[in-house]
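Some notes on the structure that comes next.
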Amino acid sequence: MIKVAPSILSADYVNLQKDIELVDKGGAEYLHIDIMDGSFVPSISFGPGFVKSIRPITNMVLDVHLMVQNPEHILPAFIDAGADIIGVQVEATQHIHRALQIIKNGGVKAEVVINPGTPVEMIKPVLHMVDQVLVMTVNPGFGGQKFLPETIDKIAELNQIKKDKGYNFDIEIDGGVNDQTVVDCYKAGATVAVAGSYVYGADDPVARINAIKDATK
Ligand code: DX5
Ligand code: ZN
């Protein structure tokens with residue numbers, strides 16, 4: 001069964017604590033927090049202060065996805081804010097190895113993220129040092145986009161590398177995930193599913209978490 005990471009990008013910001021408690025009690029393993037800088041992606045969302053405010057109100061694993069150009073500079077602030085996992089996009093830095101080192105040295109789990117147009121080849125040299133790989137299943141920047149099935153082969157490729165090399169990183173998927181699209185990703189080796197609009201856009205978010213889990217039993 002896949003782990004579920006609701007994305008609070010699609011939550012009700014005025015009632016955030018309620019929306020976090022809801023998915024926590026509803027069995028979600030991670031809370032996915034999308035950080036957008038208006039440069040790497042067109043949108044602007046939250047900063048480190050936001051993560052810091054959430055930290056004391058939940059014990060959920062805070063899974064922070066940085067869609068930020070040159071993330072090295074801002075990493076210490078997210079480490080201090082209490083993130084449990086920090087993901088950096090390989091396309092956003094010339095120094096992906098250094099960025100991952102900063103995260104790990106801060107005692108936080110390190111994740112590398114690849115866009116739909118980025119091959120697995122790009123991240124092979126850092127796979128030995130990551131706790132999680134995020135395969136974007138839409139182009140980053142917005143919630144509510146359509147899942148891109150051409151990304152599934154990359155999940156399978158990463159899963160093969162895991163087996164061949166004896167690595168045990170999680171493989172996360174993000175974008176357009178629902179109880180249908182998750183199935184082939186899970187079969188290919190995905191272990192964590194981010195879901196924003198599918199969960200928080202529903203009248204019953206917990207039923208949607210369960211639907212993703214039921215689809216991957
Ligand atoms: C997209 C973000 C996603 C987003 C997913 O750039 O990285 O985490 O919240 O939203 P849905 O699940 O609606 O595609
Ligand atoms: Zn995300």
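For the stretch 91-117, a tally of residues being closer than 20 Å to ILE173 by Cα, surrounded by fewer than 17 Cβ atoms within 10 Å (Cβ to Cβ) and in contact with a helix residue (DSSP H, G or I) (Cβ under 6 Å, 6 or more places away or on another chain) returns 1.
Name the single residue that is farthest from ligand 2 (Cβ to nearest atom) among those in the stretch 57-115 being among the charged types (D, E, K, R) and in contact with a Leu (Cβ under 8 Å, 6 or more places away or on another chain). That would be ASP84.
In the set (1) more than 8 Å from ligand 1 (Cβ to nearest atom); (2) in contact (Cβ under 8 Å) with a residue 60 or more places away in the chain, the condition left unmet by ASP174 is number (1).
Per-residue answers, yes or no, for (1) in a helix (DSSP H, G or I); (2) more than 24 Å from VAL68 (Cβ to Cβ):
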residue	(1), (2)
ALA5	no, no
LEU9	yes, no
LEU16	yes, no
ASP19	yes, no
LEU22	yes, yes
GLY27	no, yes
ILE33	no, no
MET36	no, no
VAL41	no, no
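If only residues of the stretch 69-89 that are under 14 Å from the mean Cα position of the chain (by Cα) and among the β-branched types (Val, Ile, Thr) are counted, the one that is surrounded by the fewest Cβ atoms within 10 Å (Cβ to Cβ) is ILE85.
Considering the stretch 193-217, and only residues there that are away from ligand 1 (no atom under 12 Å from the Cβ) and within 16 Å of ILE155 (Cβ to Cβ), the residue that is surrounded by the most Cβ atoms within 10 Å (Cβ to Cβ) turns out to be THR216. The set of residues in the stretch 187-203 being more than 17 Å from LEU22 (Cα to Cα), more than 15 Å from the chain's Cα centre (by Cα) and among the aliphatic types (A, V, I, L, M) consists of ALA188 alone.
Across the stretch 164-192, the qualifying residues are those that are of a type in the set (Ser, Thr, Tyr) and assigned to a loop (DSSP other than H, G, I, E, B), and the one among them that is surrounded by the most Cβ atoms within 10 Å (Cβ to Cβ) is THR191.
Residues THR93, THR137, THR118: which one is within 19 Å of TYR30 (Cα to Cα) and touching a residue at least 12 places away in the same chain (Cβ under 8 Å)? Residue meeting the stated conditions: THR137.
I'd like the full set of residues that are surrounded by fewer than 16 Cβ atoms within 10 Å (Cβ to Cβ), away from ligand 2 (no atom under 12 Å from the Cβ) and closer than 28 Å to SER39 by Cα, limited to the stretch 130-163. If the condition is that a residue be surrounded by fewer than 16 Cβ atoms within 10 Å (Cβ to Cβ), away from ligand 2 (no atom under 12 Å from the Cβ) and closer than 28 Å to SER39 by Cα, then GLY144, LYS146, PRO149, GLU150 are the ones that fit.
For the stretch 1-22, which residues satisfy the criterion of being within 13 Å of ligand 1 (Cβ to nearest atom) and touching a strand residue (DSSP E or B) at 6+ places or on another chain (Cβ under 8 Å)? Matches in the stretch 1-22: VAL4, ALA5, PRO6, SER7, ILE8, LEU9. Pairing residues of the stretch 35-60 that are more than 14 Å from ASP84 (Cβ to Cβ) with residues that are among the charged types (D, E, K, R), at Cβ distances under 7 Å and at least 6 apart in sequence or on separate chains, gives ILE44/ASP37; SER45/ASP34. Residues in the stretch 164-186 that are under 22 Å from ILE123 (Cα atoms), away from ligand 2 (no atom under 15 Å from the Cβ) and of a type in the set (D, E, K, R): ASP164, LYS165.
Values quoted throughout were computed directly from the atomic coordinates according to the rules given, and no laboratory measurement underlies them. Since this is a predicted model, take the numbers as computed values, not measurements. In this analysis, Cβ positions are derived from the backbone assuming ideal geometry, glycine residues included, and neighbour counts consider all displayed protein chains.
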